[in-house]
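A short reminder: the numbers here are calculations on the coordinates, not readings from a lab. Here the structure is a predicted model, which means the values were calculated and not measured. Methodologically, a virtual Cβ is constructed for each residue, glycine included, from the backbone with ideal geometry; neighbour enumeration extends over all protein chains shown.
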Amino acid sequence: MAVASSFALLATACGGGDDGSSGSGGSSAAALEGRGPITLASGKDTSGNLQNQLNAWNASHPNEKVELKELPEDANAQRQQMIQNAQAQSDAFSVLSMDVVWTSEFAANQWVTQIPEDKVPDLGKLIPATVETAKYRDKLYGVPVTSDGGLLYYRKDLLTKAGIAEAPKTWDEMLAACQKVAALPEAKGMSCYSGQFEKYEGLTVNFAEAVNSAGGVIVDKDGKPNVNTPEAKAGLEELVNGFKTGAIPKAAITYKEEESRRAFQEGKLLFLRNWPYVYAKAEATDGSSKVAGKFAVAPLPGKTGPGVSSLGGHDYAISSFAKNKATALDFINFMASEERQKANIEKTSQAPSWASLYDDPALTKQFPYLAPLKASILGAQPRPRVVKYGDVTAAIQAAAYDTLKPGSTVTPDKALADLQTKLETLITN
Amino acid sequence: MTASTPVPEGPASTSKRQQRFNEGTGRLAAILLSPTLLVLAVVVLFPIISALKESLFQSGQRLDENGFIVKGSTFVGLDNYLDIFRGETGDRFWNAFYNTTFFTVVCVVLETVLGVAMALIMHKAFKGRGLVRASILVPWAIPTVISALLWKWIFQADGIANTLLGSQVLWSTEGWQSKLSVVIADTWKTAPFIGLLVLAGLQTIPAEVYEAAKVDGANAWRTFTRITLPLVKPALLVAVLFRILDTLRIFDLPFVLVGQHKNSVETLSMLAYDEASNVRFGPAAAYATLLFLYVAVVAYLFVKILGADVIGEARAKKPGGGRRKKNGGAGAAAATAAVGVSAASGSGRSI
């Protein structure tokens, strides 16, 4: 990674000479022209199905074939490679598979091209919240191809035993359910709830969900930071109190997705907030999971009603420096189509952005979590859409971590006031 | 290094011929060396200069009315450097500076003690010596990132460290425990390096010296302090110098083992990385340059004060008046140059 950063230093140094020019690529009104071979830059395909998807395109477009440029698995490394490529104004990457939180940065730097909405005929069929992630200043810069939302995994067996028929819809209901279950002999040594609270992107996700679920925002609709509010405080306090009362185990401050998944699979947690990928692993019957067949999923709980999930997923965008942009646009439409998205979820269980797929009877049978996932994504909110996302997410993590870490003396009031100040300096648009 | 070019001496009558000869060989040497110098210029000189240049510029920090980043970079003089010491970033910098220095001092001391002990064990003739040597070297053979991951597993909340200690220490949280975990993992990995170099030094000590000491009735401690340590000192100093330079640039271990943005373990390399990954290459280059200067100063002082013979010059030359001092200086310069390269071009170690 450090090597990459030093190359980045080099790359900008080399490009220093022509800094005076206003930059040829990236003008937002540029027509999407040119046909021929293109490339898709995407993170390491752990599902193994991406090439099949590309083969389907290549079979019908022999003169406009797409080649996969596989980037590292780590999202930061992917972003760095894409940025280096853009700064070198290279046409090596035509279509970029962007993490949903990169859109503003890439668009503001004009590394990706604006896509006229009428050129994406299926846009109305995609879940609106996912389309929002691809927009910067109300203009479209990408098309969502996959999505992701948080789910509440819960131990159905124990809830049933304690006489609770339904998954909790609010935090209070969840804590009440925990108290009932705690009386059971099976619940010995179990904790109530966990999400991901290590200092990394997952903490931003969990913090944003707590704040949004309590009716607060981090950044409001106009793009202004507004996190020093009673609602945001209520959300953060829910987490603080969870740690204080032991409802959230102490160790959760070190949990990323995988640590929290293992804790749930080992039967240490009654409730877990995690992504859909956990379902298949927790359901594994090879002995790796102690909770196979004993759990179910529901949408996230909130303060007074259903909770608000943060959005994950990827948007496909066209590099400003690409050749054959017309082909790239066609390819993106092809990948976002119902047929391709269906083929993809069947093989990979990656959440689609196409709304109607969540109601497909065959799919809901194959993936029982699709119904709660649809509810989660329909109500989801993107993480702050800001140009300096890296700095903003670091500031959010610092604020949340400082209040949650063991022995912390920082009150939610102070943390949120400081965060507001910090965000105001970072978000100037 | 120019010191190695022989200075023409002798009477005036032969000096012309001599000079022509010298010019000829000098030219030939220059021609033969030019590919090397060219490569060095491209991979060493150019990155350093361009990083220095980069550190005087800023770019991509302003938005125009359409929400697009204003292109082009502006010359800001020393602002990037001054910003490092101002306000919140100043606190962060000094914290990272302290952490870097703390890790360097603590880790290198521990590694030196353990490394020398390991070398002494490896040097002894006993049954299964080969096995012991190999097993001591295993940690050194493992890439740092992998060993960081291994230790991350060990230091997990429900990991083996907590099981053995019978406690619930949350190692990756802020505080002394995260520092300790980095020190343990770094010592585990790199003590064998010092061990290996010291072992090489030990093997050059003739057995007669020890026999003589035995005959004179010296005990083991005296033998160690009066014979082993002085004779192994050149090798040991080089090993320690390398470790100091390496640890001053420590990046991957805290980054992977504990994580980013943790005050307890954030080091100077991590600051440079953080700036670069947020596409602020000017400030990143400024951080890298500061680290480069810090490393260079430390290396220079180390060589000056302890007289570490980094490039093996002192032994090759005859001991003579002022000569020795000059060699010391050349060695120091060479060492700082080598260090500077890695610090400036790396802004951290590979991960």
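Points to keep in mind about this one:
- If the segment from B:SER167 to B:PHE224 were pulled out straight at 0.36 nm per residue, it would be longer than the present Cα-Cα gap by 16.5 nm.
- Shape category assigned to the stretch B:240-297 from the gyration tensor of Cα positions, a/c cut at 1.5: oblate
- Under 20 Å of direct C-alpha separation, and excluding same-chain neighbours fewer than eight residues apart, A:LYS342 reaches these aspartates and glutamates: A:ASP45, A:ASP122, A:ASP148, A:ASP315, A:ASP330, A:ASP359, A:ASP360.
- Extension gain from A:GLU346 to A:ALA182, taking 0.36 nm per residue of separation minus the Cα-Cα distance: 55.2 nm
- Taken over the stretch B:58-346, lysine pairs spaced eight or more positions apart, or on distinct chains, with alpha carbons under 16 Å apart number 11.
- Fluctuation leader among A:SER42, A:SER60, A:SER147 - chain A, Gaussian network, Cα springs under 10 angstrom: A:SER60
- Placing +1 on the Cβ of every Lys and Arg and -1 on the Cβ of every Asp and Glu, with nothing else charged, gives the protein assembly as shown a dipole about its Cα centre of roughly 3100 debye.
- Among A:TYR279, B:ALA220, A:VAL131 the positive-end extreme of the charge dipole of the protein assembly as shown (Cβ point charges): B:ALA220
- Shown here is the pair-distance distribution of chain A: with all Cα-Cα distances grouped in 10 Å bins from zero up to the longest one, the shares run 4, 21, 30, 25, 14, 4, 1, 0 percent.
- Point-to-point label distance, A:LEU378-A:ASP138, nm (Cα→Cβ direction, 7 Å offset): 2.7
- Estimated FRET transfer efficiency when R0 is 60 angstrom, pair B:LEU131-A:SER60 (beta carbons, to 0.05): 0.45
- Relative to the Cα centre, the charge distribution of the stretch B:58-346, modelled as +1 at Lys and Arg Cβ and -1 at Asp and Glu Cβ, gives a dipole magnitude of about 1480 debye.
- Our note on the geometry: Cα centres of the stretch A:286-300 and the stretch B:137-185, 30 Å apart.
- Simple rule: put +1 on each Lys or Arg Cβ and -1 on each Asp or Glu Cβ in the stretch B:63-114, find the dipole, and look at B:GLY77, B:GLY90, B:LEU114; the Cα lying farthest toward the positive end is B:LEU114.
- Environment charge of B:PHE85, counting only residues whose C-beta is closer than 15 Å and scoring Lys/Arg +1, Asp/Glu -1: -3
- Within the stretch B:53-85, backbone nitrogen closer than 20 Å to the virtual label 7 Å beyond the Cα of B:LEU293 toward Cβ: B:53-58, B:75-85
- Sum of side-chain charges, A:ILE396 neighbourhood, beta-carbon under 14 Å (Lys, Arg +1; Asp, Glu -1): -2
- Unit charges on C-beta of K, R, D, E only; dipole of the stretch B:81-140, Debye: 600
- Cα gyration tensor shape for the stretch B:58-346, rounded if a/c is under 1.5, else prolate or oblate: oblate
- Between the beta carbons of A:ASP220 and B:VAL42, assuming R0 = 56 Å, the FRET efficiency works out to 0.65 to the nearest 0.05.
- Theoretical gain in end-to-end length, A:GLU70 to A:VAL410 [0.36 nm per residue, Cα-Cα removed]: 118.1 nm
- Where both bridge residues fall in chain A, DSSP classifies roughly 65% of the beta bridges as antiparallel.
- Modelled FRET efficiency - R0 41 Å, B:LYS304 with B:ALA141, Cβ distances, 0.05 increments: 0.75
- Theoretical ellipticity at 222 nm over chain A - DSSP helices of four or more residues, -39500 (n - 2.57) apiece, nearest 500: -12500 deg cm²/dmol
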